[in-house]
Each structure stands twice: as C-alpha cells, then as structure tokens.
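Dropping the structure in here first, questions after.
None of the figures in this text is laboratory data; all of them are computed from the coordinates on show. Computed from a prediction, not measured in an experiment: that's the story for all the values here. Here the Cβ is made from the backbone with ideal geometry for all residues, glycine too, and neighbour counts use every protein chain on show.
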Amino acid sequence: MYADAGAMQLCRWPKQFDVIVTDNLFGDLLSDAAAMLTGSLGMLPSASLGAPMANGRPKALYEPVHGSAPDIAGQGKANPIACILSFAMALRYSFDEGKEADRVEAAVESVLADGYRTADLLGEEGVDPVTTQQMGDAILAALNATL
C-alpha cells in the first residue's frame, strides 16, 4: 500500500492494521498520525526489528514513537505509557515472553480504565492530571495485583 493511501486508511479504519512495516520516513509520518488516533503521542510504543541474530531473536530497538521529550524532562508531565508498552513489545518479540507482555499491557489498560490520565490525555478543565511518577506507580501496582 502506498504511504498516502495507508494514512487515509489509518484514519478511516484503524482496526484493519495490526502491524505496519515501512521505512523510517513514512513510518515516522504514519506513527504520528496513528498516535493522534489514540489521543496522544505518549500512548504509542514502537519496535524497529531487524534480521534474526544467531540466537534466532531479531536485532531490535524498542522506544516510544515520540522520542525523549527533552522540553518537559524532569517536570513530571511525560506520559510513560509508550515507554512501558515498548518494554512489553520487547518482552514479546525479543524475549519470547508473550504472557508477561500481556500482563504489562493489561496493567496499562486497567489503569486507564480506572481514569488515570497524564496531562496529554486530559480534555477536561479543572481535572488535575497525574504525574509521570504517579502513572508509573499505578501501572506497577496494577501489574503487581496480577501476581
């Protein structure tokens, strides 16, 4: 599929995609568009997977689609979800720990269902967002609750 058609289809019917494989230029554009479908760049993990190594696992780099956000470093404003979900992807694709990846993803879903929101996810006036630390602590607590 051409990248422009992919962007249109992504906006039209995002559930038709599970994985999008593309080069870096179009991947960057499409991932930013996809991020806004979820409500924030802070929600999307990413994986750059290469050819398998001798151990059968792919060469891989896992990171949030948005990068490091140095403009808000140390302010407690960053949404840690994309980073946490990137770790879940690493568990699944590099370490063959799909069950553990499922637990991490379920913990994130649980915390969001409970109403936790960092500043990038809030659309309501007068509602105080949770900090980066509070969101991470809530996800860790939800993860520990599944042990």
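Would region 13-35 turn up any residue that is polar (S, T, N, Q), under 18 Å from M89 (Cβ atoms) and in a strand (DSSP E or B)?
no
For (1) under 22 Å from D120 (Cβ atoms); (2) surrounded by fewer than 15 Cβ atoms within 10 Å (Cβ to Cβ); (3) touching a helix residue (DSSP H, G or I) at 6+ places or on another chain (Cβ under 9 Å), each residue gets a yes or a no:
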site: K15; (1), (2), (3): no, yes, no
site: L44; (1), (2), (3): yes, no, yes
site: L61; (1), (2), (3): no, yes, no
site: N79; (1), (2), (3): yes, no, yes
site: L85; (1), (2), (3): yes, no, yes
site: D102; (1), (2), (3): no, yes, yes
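For region 21-37, indicate whether the set of residues that are touching a residue at least 40 places away in the same chain (Cβ under 8 Å) and over 24 Å from A101 (Cα atoms) is non-empty. Even if it seems obvious, please write down each step before you answer.
Within region 21-37, the subset touching a residue at least 40 places away in the same chain (Cβ under 8 Å) is none.
Among the residues of region 21-37, not one is touching a residue at least 40 places away in the same chain (Cβ under 8 Å) and over 24 Å from A101 (Cα atoms), which makes the answer no.
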